[in-house]
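Okay, so here's the structure we're looking at.
The values are calculated or read from the model by the stated rules, or taken from the named source; none is laboratory data. Everything numeric in this text was worked out from a predicted model, so none of it was measured. Here Cβ is always computed from backbone atoms with ideal geometry, including for glycine, and neighbour counts include all displayed protein chains. For the accessible areas, the whole protein counts, side chains as well, though only heavy atoms, and no ligand, DNA or RNA atoms are used. Shrake-Rupley method; radii C 1.70, N 1.55, O 1.52, S 1.80 Å.
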Amino acid sequence: MSSLLVHDISTLLTMDTPQGVGALGERTDAAVVVEDGRVVWIGDTASAPSCDVRHSADGMVVMPGLVDCHTHLAWAGSRADEFRARLNGENYTDILKRGGGILSTVRATRDASEPALTDLVETRLRAALGRGVTTLEVKSGYGLSAEHELKQLRAAKAAAERVGVRIFTTFLGAHTVPAEFRADRPAYVDDVINNQLPAILDDADFIDAYVDDGAFTVAEGRRILSAGAALGLGVRVHAEQVTKTGAARMAASLGALSADHLERIDAEDAAALAAAGTVAVLLPGAMLYLGDAPPPVPLLRSAGVKIAVATDTNPGSSPFPDLWGAATLAVLTMGLTVEEALLGITANAATALGRPDLGRIQVGCPADILLVRPPAGEPPGAAQLVQHFGAPSLALTLIGGASF
Ligand code: NIG
Ligand code: FE
């Protein structure tokens with residue numbers, strides 16, 4: 001395979017910071033060599049070896065491809081009417097309890113064929129890749145039966161194959177209790193464990209549960225997540241979003257890779273997450289759309305919890321596909337530093353997916369790399385990329401060394 005040199009890099013952000021905090025592994029006038037899909041050399045441009053293909057990154061920032069570690073991209077249908085209802089004061093959980101919200105997307109997604117759903121996911125993945133997102137997690141959770149959960153996961157994987165992005169899939173049969181089981185919750189928990197889980201096992205990397213009012217209790221979530229973990233799935237949890245339930249501590253006790261949302265955690269929750277090495281995934285899109293208060297970031301920071309930032313893209317609580325915008329919102333509304341936000345959409349997001357070799361530029365790691373033009377008239381610095389809202393223009397995107 002041919003070798004590729006990116007040279008004269010004005011600002012290289014390797015995100016190679018062992019603790020996942022602080023500086024961004026920044027170098028100036030740097031060069032990176034890629035061979036066989038991996039980074040094989042990082043150094044000064046002056047001492048770079050000769051390669052078959054060369055790209056100048058003069059005046060640019062070079063950084064890892066972005067990692068969106070929490071999305072619900074595999075949906076059909078529209079929730080625009082509910083958006084209007086919420087603007088008129090109706091509450092997200094009340095809409096869910098009257099059979100709308102997640103349940104309305106379940107109806108539309110069950111009605112969609114697998115090819116139609118695959119096309120929808122493909123469109124969304126292409127848009128993400130266009131913004132420099134090279135790795136995404138995609139959850140099911142709008143099927144809520146073995147047949148339709150599997151359809152969602154397969155659609156996500158087929159779409160990612162077409163687009164060329166890296167994908168990790170998460171089984172979220174425990175998103176809410178579907179209409180046909182509303183009178184018998186324990187029967188639905190049994191269905192998730194005994195019917196859905198075996199059906200999707202080959203098509204999922206992780207298992208997730210929405211533990212909240214209108215969804216699942218901590219005890220139900222623990223049963224479902226433990227069953228998935230016993231079959232080898234990594235654990236993630238929608239925790240402490242709308243109400244405080246104890247889900248964050250449950251996530252920590254299961255050694256979860258991530259606990260997501262966390263608007264309502266306390267200091268003990270943060271300590272438990274830190275001790276378990278569970279990554280806190282913050283979702284400013286959902287916080288904004290639901291009009292929530294920010295999570296207590298100082299508690300996470302002082303406990304030493306790694307922080308990631310994701311879009312939570314979905315048709316209800318976060319119709320918000322822009323990961324760069326999420327980083328900016330995390331800084332503006334949650335009090336993250338520029339460094340925390342950028343690590344949150346790269347290295348720490350990859351750690352939340354159990355893949356610390358992604359989301360950073362390091363010798364031996366897959367070459368998922370962006371050549372980023374700074375906003376017009378700006379010098380090529382890290383802060384500018386977060387300061388200016390939305391995705392910057394990209395001169396080149398590499399995934400495993402292949403250009404997009
Ligand atoms: O992460 N809160 C639960 N699940 C999703 C919302 C999905 C939806 O509203 O359709 C979330 O916010
Ligand atoms: Fe979510």
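Limited to the range 148-178, what total is found for residues that are more than 16 Å from ligand 1 (Cβ to nearest atom), among the β-branched types (Val, Ile, Thr) and part of a loop (DSSP other than H, G, I, E, B)?
Of the residues in the range 148-178, 1 are more than 16 Å from ligand 1 (Cβ to nearest atom), among the β-branched types (Val, Ile, Thr) and part of a loop (DSSP other than H, G, I, E, B).
Please determine whether any residue of the range 62-77 is more than 20 Å from the chain's Cα centre (by Cα), more than 30 Å from residue 109 (Cα to Cα) and crowded, with 21+ Cβ neighbours inside 10 Å.
yes
Residues in the range 174-198 that are within 16 Å of residue 233 (Cβ to Cβ) and within 16 Å of ligand 2 (Cβ to nearest atom): how many?
2
So which strands (runs of 3 or more DSSP E) stay within the range 1-91 end to end and still have 1 or more residues that are within 16 Å of ligand 1 (Cβ to nearest atom) and not small (Gly, Ala, Ser)?
66-68
Please state which of the following conditions residue 380 fails to meet, knowing it meets all the rest: (1) touching a residue at least 60 places away in the same chain (Cβ under 8 Å); (2) over 16 Å from residue 59 (Cα atoms); (3) surrounded by 14 or more Cβ atoms within 10 Å (Cβ to Cβ).
The failed condition is (2).
If only one of 292, 312 is part of a loop (DSSP other than H, G, I, E, B) and buried (at least 23 other Cβ atoms within 10 Å of the Cβ), which one is it?
312
Could you say which residue among 270, 308 is on the phi < 0 side of the Ramachandran plot and more than 14 Å from ligand 2 (Cβ to nearest atom)?
Going through 270, 308 in turn, just one is on the phi < 0 side of the Ramachandran plot and more than 14 Å from ligand 2 (Cβ to nearest atom): 270.
Going through the range 277-291 one residue at a time, which ones are among the small types (Gly, Ala, Ser) and more than 11 Å from ligand 2 (Cβ to nearest atom)?
277, 280, 291 - these are the residues of the range 277-291 that are among the small types (Gly, Ala, Ser) and more than 11 Å from ligand 2 (Cβ to nearest atom).
Show me the helices (runs of 4 or more DSSP H) found entirely inside the range 193-274 where at least 3 residues are within 16 Å of ligand 1 (Cβ to nearest atom), without any contact (Cβ under 8 Å) to a residue 60 or more places away in the chain and farther than 20 Å from residue 354 by Cα.
218-230
Can we say residue 319 is within 11 Å of ligand 1 (Cβ to nearest atom), at negative phi, open to solvent by 10 Å² or more (accessible area, probe 1.4 Å) and out of contact with any Asp or Glu (no Cβ under 9 Å at 6 or more places or on another chain)?
It is true that residue 319 is within 11 Å of ligand 1 (Cβ to nearest atom), at negative phi, open to solvent by 10 Å² or more (accessible area, probe 1.4 Å) and out of contact with any Asp or Glu (no Cβ under 9 Å at 6 or more places or on another chain).
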